[in-house]
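Written below as structure tokens is the structure these notes are about.
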Amino acid sequence: MLMPQPLLLCRPLFLSCLIISHLLYTTWADVGIAGRYGPPYLPTACYGGDSSEFPTNNMFAAVGDGLWDNSASCGRQYLVRCISATAGFCTPGRTIQVKIVDHASASSATIVLSLTAFTTITNSTSSFINIEFQQNLWNQINFLQVDGCQALISFPGSILSSVLRF
Ligand SMILES: *[C@@H]1O[C@H](CO)[C@@H](O)[C@H](O)[C@H]1NC(C)=O
């Protein structure tokens, strides 16, 4: 009997896609509100006047009181995706990783994204969007770009990056 080839090829991919997106989005993800902020980004509550702590791709954020954790949040990496927006739309299937560099003590948002980070996941002209987020606990992996079931990853301190298909 002939098995349809595409099905054989697709099924494991589809399954691992489901498992990873489950890990990424369902198991530990929380729901919150993301705001946005613009320059000047210095000084920061985490690193003072040191601009070398900003990721070169400008994907960084400040956390509100809930995630601040008495500054223990500095340097943590969060995966963030937009789940709904007013005055605009979420970028479909797009998840970003941001590094925490500051404390947004006066903000009612869970996390306040750099302009680059905010405009990557939404084209909303509003100051706030609804997000799903979780800490990236795999410190050895940086998620540079996650689109649906495909991620561009790199390892800290490495210039090499590769594409991971879930
Ligand atoms: C946002 O993107 C959507 C879909 O691409 C588009 O229809 C809409 O006009 C854009 N809105 C703004 C505020 O740019």
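Among the conditions (1) farther than 22 Å from Val31 by Cβ; (2) within 17 Å of the chain's Cα centre (by Cα), Glu132 misses just one, which is (1). Looking across the stretch 109-166, the residues that are over 18 Å from Phe89 (Cβ atoms) and touching a Cys at 6+ places or on another chain (Cβ under 6 Å) come down to Cys149, Phe166. When restricted to residues that are in a loop (DSSP other than H, G, I, E, B), in contact (Cβ under 8 Å) with a residue 24 or more places away in the chain and of a type outside the set (D, E, K, R), the stretch 72-83 contains 3. Summed over the stretch 84-95, residues that are crowded, with 16+ Cβ neighbours inside 10 Å and either assigned to a strand (DSSP E or B) or free of Cβ contacts under 8 Å to residues at least 12 places away in the same chain (or both) total 4. Scanning the stretch 87-103 for residues that are more than 15 Å from Tyr37 (Cβ to Cβ) and among the hydroxyl-bearing types (Ser, Thr, Tyr) turns up at least one hit. Considering (1) outside any loop (DSSP other than H, G, I, E, B); (2) surrounded by 12 or more Cβ atoms within 10 Å (Cβ to Cβ); (3) at pLDDT 95 or above, the lone condition that Tyr25 does not fulfil carries the number (3). Selection over the stretch 106-126 of residues that are over 16 Å from the mean Cα position of the chain (by Cα) and within 17 Å of Pro40 (Cβ to Cβ) gives a count of 2. Against the definition (buried (at least 17 other Cβ atoms within 10 Å of the Cβ), in contact with a helix residue (DSSP H, G or I) (Cβ under 7 Å, 6 or more places away or on another chain), in contact (Cβ under 8 Å) with a residue 40 or more places away in the chain and of a type outside the set (Lys, Arg)), how does Val146 come out, yes or no? So Val146 does not fit the description; no.
Filter the stretch 86-137 for residues that are among the small types (Gly, Ala, Ser) and within 23 Å of Gly48 (Cα to Cα); which is farthest from the ligand (Cβ to nearest atom)? Looking at the filtered set, the residue picked out is Ser105. Set side by side, the residues Asp69, Asp102 differ, and just one is within 28 Å of Ser161 (Cβ to Cβ), among the acidic types (Asp, Glu) and not in a loop (DSSP other than H, G, I, E, B), which is Asp102.
The values are calculated or read from the model by the stated rules, or taken from the named source; none is laboratory data. All figures in this text were calculated on a predicted structure; none of them were measured in a lab. FYI the Cβ positions are ideal-geometry reconstructions off the backbone, even for glycines, and counts take in every protein chain you see.
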